[in-house]
Amino acid sequence: MDFYRRIVTEILPDKLQRVPVPDSFFGIFKLSVSELASLALFTGASGFVVYSVYTTCQLKLDQYRKASKPNSVGKGTLVNISWRKDVSKVADTISADEIGEKVAMCRCWRSKKFPYCDGSHNQHNATTGDNVGPLLVKK
Ligand code: FES
């Protein structure tokens with residue numbers, strides 16, 4: 001942290017004071033060649049930093065928007081795209097008596113027999129490149 005504090009409080013102010021910024025636009029014509037070169041270097045470096053930050057933020061924003069598209073299999077943030085959409089929360093209860101020796105519970109939300117697995121995760125995985133599978137519950 002001391003390194004960053006030193007950059008912000010000592011090094012940057014010192015460097016910025018040396019940048020030959022003219023008092024007015026026409027003051028540019030009064031600068032020497034070396035001052036113009038220094039000003040151009042500072043302007044270019046500042047532009048590069050601003051452009052880099054802008055493009056990085058834009059890229060992250062695009063990735064976020066793309067990932068937030070609702071209701072497209074494999075591209076959205078919705079897990080449940082079709083099961084009981086008329087309720088605010090899908091919750092199921094299964095008694096232990098209903099479980100035989102073993103039961104496969106769906107974790108992909110694509111099963112037509114939800115909450116039980118019907119193998120629909122295979123098509124989901126093939127379509128999206130995902131790797132979800134059922135929860136196997138054994139007695
Ligand atoms: S159908 Fe969803 S995990 Fe198998």
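See the values below:
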quantity	calculated
Percent accessible area from carbon and sulfur atoms, the chain, protein chains only, probe 1.4 Å	60 percent
Student exercise, the range 96-138 dipole from Lys, Arg, Asp, Glu Cβ charges, in Debye to nearest 20	100 debye
Positive-pole candidate from Cys57, Leu41, Gly27, dipole of the range 2-67, charges at beta carbon	Cys57
Acute angle (nearest 10 degrees) that the helix 33-67 long axis makes with the longest principal axis of the chain, alpha-carbon atoms	10 degrees
Links that overshoot a 25 Å alpha carbon limit, given the list Lys85/Lys138; Lys85/Lys112; Lys112/Lys138; Lys89/Lys139	Lys85/Lys138; Lys89/Lys139
Solvent exposure, largest accessible area first (probe 1.4 Å, DNA, RNA and ligands not counted), of Phe26, Phe114	Phe26, Phe114
Stokes-Einstein D (µm²/s) once Rh is taken as the Kirkwood radius of the range 96-138 over alpha-carbon pairs, at 4 °C in 1.567 mPa s	122 µm²/s
Accessible area expressed per residue, the chain, with surrounding protein chains retained (probe 1.4 Å, Å²)	80 Å²
Ellipsoid equivalent to the chain - semi-axes via the Cα gyration tensor, in Å	63, 18, 13
The range 2-67, Rg to Rh (Cα coordinates; Rh as Kirkwood inverse mean 1/r)	1.17
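The values are calculated or read from the model by the stated rules, or taken from the named source; none is laboratory data. Predicted model, so just to flag it, every value in this text is computed and none were measured. Ideal geometry is used to build each Cβ from the backbone, glycine not excepted, and the neighbour counts take in all protein chains shown. Remember, those area values only see protein heavy atoms, side chains included, never the ligands or the DNA or RNA. Shrake-Rupley method; radii C 1.70, N 1.55, O 1.52, S 1.80 Å.
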